[in-house]
1. Around T238, which amide H atoms from residues at least 5 apart in sequence, or from another chain, sit under 5 Å from its own amide H, with H modelled in the peptide plane?
2. Testing the spin-label approximation: label points 7 Å from Cα along Cα→Cβ at A194 and R163. State their distance in nm.
3. In whole Hz, with x marking every Gly and Pro, tabulate ³J(HN,Hα) for segment 232-247 from phi via Karplus 6.51 cos²θ - 1.76 cosθ + 1.60, θ = phi - 60°.
4. Which value, in debye to the nearest 20, describes the size of the charge dipole of segment 9-239 about its Cα centre when Lys and Arg Cβ atoms bear +1, Asp and Glu Cβ atoms bear -1, and nothing else is charged?
5. Among A203, A228, P94, pick out the residue whose Cα is farthest towards the positive end of the charge dipole of the chain, where Lys and Arg carry +1 and Asp and Glu carry -1 on C-beta, about the Cα centre.
6. Given H placed 1.01 Å from N in the peptide plane, which residues other than close sequence neighbours of R128 have an amide H under 5 Å from its amide H?
7. Given the DSSP H assignment, sum -39500 (n - 2.57) over each helix run of at least 4 residues in the chain and divide by its residue total; what's the result at 222 nm in deg cm²/dmol, nearest 500?
8. Tell me, what is the percent relative contact order of segment 9-239, built from C-alpha pairs under 8 Å that lie six or more residues apart?
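What follows is calculated from the coordinates using simple rules that are stated; it is not laboratory data. Source: prediction; values computed, not measured. Neighbour counts are summed over all protein chains in view; Cβ atoms, including those assigned to glycine, are modelled from backbone coordinates with ideal geometry.
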Amino acid sequence: MGFRLDGRKVLVIGGSAGMGLATAELAADHGADLAIAARNPGRLEAAAKALEARGGRPVARRALAVEDRAAVARFLADEAPFDHLVLPGSTVKPLLYSELDDANAREAFESKFWGPFWAAWDARRHMRKGGSVVFFTGVAAERTVKGYVIGGCINGALNAGVRSLALEFEELGLRCNVIAPSLVDTPLLDAVHAHDKAERLAAMAARLPVRRVGTAEECGMAAMLLMANGFISGEVLTVDGGHRALP
Ligand SMILES: NC(=O)c1ccc[n+]([C@@H]2O[C@H](COP(=O)([O-])OP(=O)(O)OC[C@H]3O[C@@H](n4cnc5c(N)ncnc54)[C@H](OP(=O)(O)O)[C@@H]3O)[C@@H](O)[C@H]2O)c1
């Protein structure tokens, strides 16, 4: 009952694949109206059509990049008013510290930090009381993952920021939270670990207490909890199969 989202509108930037699509699917199943955005128009259209078939309601879609603040602001204004903003859409390439330079380090922050950060800022005035923002970070803030120095920095910054943000959101009758996943089998891994995806998944599965990697749906379920439970705010919800419990 508490998980129903009937009459609520959920926007997902990054809603055409992976955890964002899984969140949109669950939101559709639980009665929400949806608007999704992502960069690739073909994949976006296919996802929106599948969500319409699943939920039996029209799904708005917009091709945009989260780094394009003006385009995101237009999308938010055009879809207003809405209740929840879910922000899994961003791109951070795995790079060793020695491979970083000013351009690729800033590019990562533009995508995964500033994109969601300003999207939340611009969304506040369009959101109905009782609504929430869900950011996505990752376990690399708390566990060393080789090649994710910059990702760890971004995750840590957002994890820290959401606690302060929650205080100001509360004044507007809104909440904000973070989902911090460990390794999850999504299309992201096909792109960034194309050459060694199977080995990476197997190695992580062997290490984790739950003996497997996560699914997009499990992260979607976490997003549903954060949207539907009005008593959770300023939380970093780790969805990591016990990754942080490892010595
Ligand atoms: N999968 C993991 O193991 C893992 C682990 C820790 C943290 N995370 C984090 O969890 C979040 C979701 O990851 P995922 O694995 O579900 O990713 P995914 O499978 O690659 O899906 C990402 C979604 O966001 C969209 N997107 C990507 N970059 C975008 C951009 N710059 N602007 C707008 N939309 C964008 C993608 O569509 P387009 O490409 O068409 O734009 C797609 O709809 C990300 O923040 C990721 O860093 C993932």
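1. Here the answer is A180, since their amide H atoms fall under 5 Å of that of T238.
2. Simple spin-label model gives 4.1 nm for this pair.
3. 10, 8, x, 9, 9, 8, 7, 10, 9, x, x, 3, 6, 7, 5, x
4. The calculated dipole for segment 9-239 is roughly 240 debye.
5. A228
6. Result for R128 returns F82, D83.
7. That comes out to -13500 deg cm²/dmol.
8. The normalised contact order for segment 9-239 reaches 21 percent.
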